[in-house]
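Some notes on the structure that comes next.
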Amino acid sequence: MAAAKTAQRRRDLLEATSRIISERGLSGVSVRAVAERAQVSAGSVLYHFESFDQLVEAAVRGAIREFIDTRRAVAEGHRDPIDRLRATIHAGIPERISDDLRVVYEASAVVREQPRFRLDIALLLERQVALYTSIIDVGVALGAFSPRMEVPAIAANLVALEDAYDLYLLDPDNWQRETYLSNTLQFAEIALGCRLSGEPPTASTAAPTASAAATDPEETE
């Protein structure tokens, strides 16, 4: 019982820390701010982690893991490789920047001054590229794509476009999401010799197929 309560308190603190980072940035997170958000004492914040830096690092790592898992779930929700690619690109340039993605950008912005986040950001990039690579490889095998350049380069460029456009979309007054999305879809169409125009399809409710399972980035490493 005590162990379960401790685990829940840690989760509450991590969630509070992540929310504060997404709202105020890394410079706005503090023991007092986390304690107020989680409705606990400042002493309780430090009791459950070896240090405040460890708490912040764990919150950033958790946000990155959640972001990766969400992207993978979107891809695995579609059987057809073209639908899968389209849905993944739509999710990569979202209508609303999620709290997890805001945390990712906050950590990315301070990597030079705070190298403790470097490995986590590198892992995120690796997994994003691997996800696109696996989607494209399956599509090539099924005859849906005809790559006009190296697949890893296409995957890396798609991630780079997402990262750049999402940075612009952090501005709440930016209304050009459809333009950014169209640009990225057009690049994918040219690079892969396919058509991706139209709204993303509804995720399949059928059991995953072997091709869907192949989108797991870890299996491509």
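Would you confirm, using the coordinates I've provided, whether residue 22 is outside the structural domain of residue 107 (by TED's automatic domain parsing), under 30 Å from residue 132 (Cα atoms) and hydroxyl-bearing (Ser, Thr, Tyr)? First the steps, then the outcome.
On the way: outside the structural domain of residue 107 (by TED's automatic domain parsing): yes; under 30 Å from residue 132 (Cα atoms): yes; hydroxyl-bearing (Ser, Thr, Tyr): yes.
For residue 22, the condition - outside the structural domain of residue 107 (by TED's automatic domain parsing), under 30 Å from residue 132 (Cα atoms) and hydroxyl-bearing (Ser, Thr, Tyr) - is met.
Screening 96, 10 for residues that are of a type in the set (D, E, K, R) and either in contact with a Pro (Cβ under 7 Å, 6 or more places away or on another chain) or assigned by TED's automatic domain parsing to the domain that holds residue 124 (or both) leaves exactly one candidate, 96. In segment 51-69, the count of residues that are more than 22 Å from residue 111 (Cα to Cα), assigned by TED's automatic domain parsing to the domain that holds residue 134 and surrounded by fewer than 20 Cβ atoms within 10 Å (Cβ to Cβ) is one or more. For segment 92-107, the set of residues classified as buried (at least 17 other Cβ atoms within 10 Å of the Cβ) and either assigned to a loop (DSSP other than H, G, I, E, B) or without any contact (Cβ under 8 Å) to a residue 60 or more places away in the chain (or both) consists of 93, 97, 104, listed by residue number.
The values are calculated or read from the model by the stated rules, or taken from the named source; none is laboratory data. This structure is a prediction, so every number in the text was calculated from the model and none was measured. We place every Cβ from the backbone using ideal geometry, glycine too, and count neighbours over all the protein chains shown.
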